[in-house]
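All of the numbers you see were taken from the coordinates with simple rules; none came from a lab. None of these values were measured; they are calculated from a predicted model. As a convention, Cβ positions derive from the backbone with ideal geometry for all residues, glycine included, and neighbour counts pool all protein chains shown.
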Amino acid sequence: MMDEQYFLTGVRCKTFNHAPYIQETLSGFCMQETKFPFLCVIIDDKSTDGEQVVIGQYLEAHFDLDDNNIVLNEETDDYVLTFARHRTNRNCFFAVYYLKYNHYSIKKSKESYFDRWLHQSKYLAACEGDDYWICPQKLQIQVDFLENHNDYSLCGTNGIIFWDNLTKAPSYFNTIIQDRTINIDEIINKWIFPTASLVYRKTIIQSYPSWTKKIFMGDQTLILIASQLGKIYAMKTITCFYRKSIGNKDSVSSRLKEKEPGFIIQQLILLLKEFDKWTNHKHQQLISTRIKYLQKKVSFLNAHHSCKYLAYMRYPIFSIKERMKH
């Protein structure tokens, strides 16, 4: 069966209502120049903006859907699945899930869909449906590094923050100007990599402790866990565009922010507390300092939600940072 084929690297792509962007995402996958087969598992969570049609048209235009030795079409009560190989990039395979109902809304996991295809993969990468890769060598250079450095568990790169409708000027995601190892201080205190830049050993997620299930911040969780299972490497290469949208109610961050002011930061605090316990307080001083800062930021956001003027008076440091965003 095709789902038993070995793919050295698997790409995890979750997408929902990204119809205007998904072609760039898919093209970024297909442009990859590798010496190994890779599989992109794309899961559309019952989009309502026509994204499933856009994905289907892309497959028809670029994938060999008539190769009966490769193609797999499958339908269940949960999804319609198409597995196929790219017409010209013979190392590129797609497994596309068109979900029949929205799994996010009922808190149903999509992990079994990924596991079916990627259980044998040595490396994993990630890219959501509104971000995209711009470097054809992205997968190859990162996999090459990990293949040659067994003491490293994860490799990330720089990227470009791109605002929809150019509401703000594009900017670099991080300030890394040379390839180097990242230390734990940076990992705890910064969002160091765009999610779409990451390539990591599959054994990392196989080592996840049970407490990670209650954390929404998948990328930060991944990097923290990876830091305890090997070293983290940063490449200065710009490999991806990280899209930020104003008023996109369907984005994960927007849906989380709707819960309450400071919800995402509270999730980060919870993550750091659980990580501190899991590591037997190995980095307690760093974590404690970071948590105190984040707690003050939550207080500012709550105050800002009630009265902006009082928030600016009580928390001048955060007020300055808030104004600099605009």
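On a 0 to 90° scale, report how tilted helix 138-148 is relative to the longest principal axis of the chain, with both axes built from alpha carbons and the result rounded to the nearest 10. So the helix axis and the longest Cα principal axis differ by about 80 degrees. Within segment 28-132, the ratio Rg/Rh, alpha carbon atoms throughout and Rh by Kirkwood, equals 0.94.
For the listed peptides 282-292, 160-170, 135-145, a ranking on the average number of other beta carbons within 10 Å per residue, highest first, reads 135-145, 282-292, 160-170. Here the Gaussian network model covers the chain, with springs between Cα atoms less than 10 Å apart; of Val54, Val41, Val96, Val54 fluctuates the most. Taking the chain on its own, what percent of its Cα-Cα pair distances exceed 33 Å? The share of Cα pairs beyond 33 Å in the chain comes to 28 percent.
Each other residue within a Cβ distance under 12 Å of Lys100 adds +1 if Lys or Arg and -1 if Asp or Glu, for a net charge of -3.
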